1. Can you tell me which of G215, G192 is of a type outside the set (D, E) and either open to solvent by less than 10 Å² (accessible area, probe 1.4 Å) or closer than 27 Å to T147 by Cα (or both)?
2. Just one of G278, G325, G308, G320 is free of Cβ contacts under 8 Å to residues at least 60 places away in the same chain, of a type in the set (G, A, S) and touching a Phe, Trp or Tyr at 6+ places or on another chain (Cβ under 6 Å); which is it?
3. What is the number of the single condition among (1) within 18 Å of G213 (Cα to Cα); (2) crowded, with 21+ Cβ neighbours inside 10 Å; (3) of a type in the set (S, T, Y) that S375 does not meet?
4. What is the one condition in (1) closer than 18 Å to V238 by Cβ; (2) in a helix (DSSP H, G or I); (3) open to solvent by 50 Å² or more (accessible area, probe 1.4 Å) that L380 does not satisfy?
5. Against the definition (open to solvent by 40 Å² or more (accessible area, probe 1.4 Å) and either outside any strand (DSSP E or B) or free of Cβ contacts under 8 Å to residues at least 12 places away in the same chain (or both)), how does D225 come out, yes or no?
6. Quick one: in the range 87-115, of everything that is open to solvent by less than 50 Å² (accessible area, probe 1.4 Å) and more than 19 Å from A183 (Cβ to Cβ), which residue is modelled with the lowest pLDDT?
7. Just give me the residues in the range 103-156 being of a type in the set (K, R) and out of contact with any helix residue (DSSP H, G or I) (no Cβ under 6 Å at 6 or more places or on another chain), in sequence order.
8. Out of everything in the range 292-316 that is modelled with pLDDT of 95 or more and in a loop (DSSP other than H, G, I, E, B), what residue ends up being nearest to P97 (Cα to Cα)?
Amino acid sequence: DSTAERSSYIVQGADLAAVKALVTMEGGEITHELGVIRAVAAELTIEQVAVLESTAGIRRIYGNAPVETSGKPDKGNGGDDGSTDEGIAGSAYTEFPSLVDADVLHDQGIDGWGITIAVLDSGIYSGPGITQDRYGKDRLKAVYDATTDQQYYTGGKGKSAIDLSDGFDIDDNGHGSHVAGVAASGKLSDAGKYNGIAPAAPLVAVKVFDANGVGSYADVIRGVDWVVANKQNLQIRVLNMSLSAPPRSHYWDDPLNQAVMAAWEAGIVVVASAGNSGPDAQSIGVPGNVPYVITVGAMTDNYTPADGSDDRLATFSAVGPTYEGFVKPEVVAPGGHIVASMEGTDQLAMDHSGFYMGANFFQMSGTSQATAVVSGIAALILQMQPGLAPDAVKCK
């Protein structure tokens, strides 16, 4: 019935080809192939869902739920990180690389060189220190837009080539660029220190969010699928997932979590945000509730980076345990009033102009930013010990 209302579902089976055939036979419109979890996303009516649920070869059917970024501008008045509206004026530069002693390693040449970080977010733009590393070299290896299933590569010619000299920009929200800058900016601050944790790490950008910082399970899973498929040729070692969604099942039943576990099994260090739904217990989101990944909460230095006595957990930072009883997050990192770059025309910058600091720098708080800090640290660890498996990196 072409007039029946359709919704988006994720249909999983034991074999991708069989699932595709069964959904097509039932009249569903397939929108995503999600081979990493042997599933498809499809537009289906309630009646079609009921038939497929009772069909041999179909294991599970999930609603295609929304996923959101885990970073936002400070609310002020004791909001995201306990700052006031006047707090931003007292912090022209966030000292987060120094807070985790990354600057000490930079001076020793430990800067993430050769360790590719994939940032699964709202995209990326060729801003200060993002697409060029600390040595001025282009380091954006590839961009994949999971919302349109389009990929772009640096080098070569043709429609799929990225021309960074043209000011490449596939980020209309700003969150992805900000996160990439936190993890790996190669730009020097006024104090002569790098604005990112791993300023020489190569980058891959995977776009899964729209201008409002919202995406779907299907797009995020397709993004993870692409990362796993391109792990070898792009040498992806770290996957940054500064995003969160409310848990709807046991962690092992969740389709997004299944994709994340496939990335872990493929040897990728997955770093996920705890989420910004704290401070109540059991507030950890998906995929931060996966026991195999490094889940990151946010702390704030209260605008006194030189004084550790007033550092504390940010009020928004989600906490565990998970439903299954796992202690989460494993670590906390700087996530309050973090300064990094994004385009001034991005949606975040326009919606919250009071936190735009000029020179394409913008202040945000969230477990997103804390997650990016830890992704950068993972790259530093892997540069020193490239043979480490994800579990060993997590252990360290």
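The values are calculated or read from the model by the stated rules, or taken from the named source; none is laboratory data. Just so we're clear, the structure is a prediction, and the values are computed from it rather than from any experiment. Counting neighbours? That spans all protein chains shown, and the Cβs are built from the backbone with ideal geometry, glycine included. Surface areas here come from the heavy atoms of the whole protein model, side chains and all, with no ligands, DNA or RNA. Shrake-Rupley method; radii C 1.70, N 1.55, O 1.52, S 1.80 Å.
1. It is G215.
2. G278
3. Tallying (1) within 18 Å of G213 (Cα to Cα); (2) crowded, with 21+ Cβ neighbours inside 10 Å; (3) of a type in the set (S, T, Y), S375 fails exactly one: (1).
4. With respect to (1) closer than 18 Å to V238 by Cβ; (2) in a helix (DSSP H, G or I); (3) open to solvent by 50 Å² or more (accessible area, probe 1.4 Å), L380 is out only on (3).
5. no
6. Among those that are open to solvent by less than 50 Å² (accessible area, probe 1.4 Å) and more than 19 Å from A183 (Cβ to Cβ), it is G87.
7. Listed by number, the residues that qualify are R134, K137, R139.
8. Taking the candidates together, the pick is V293.
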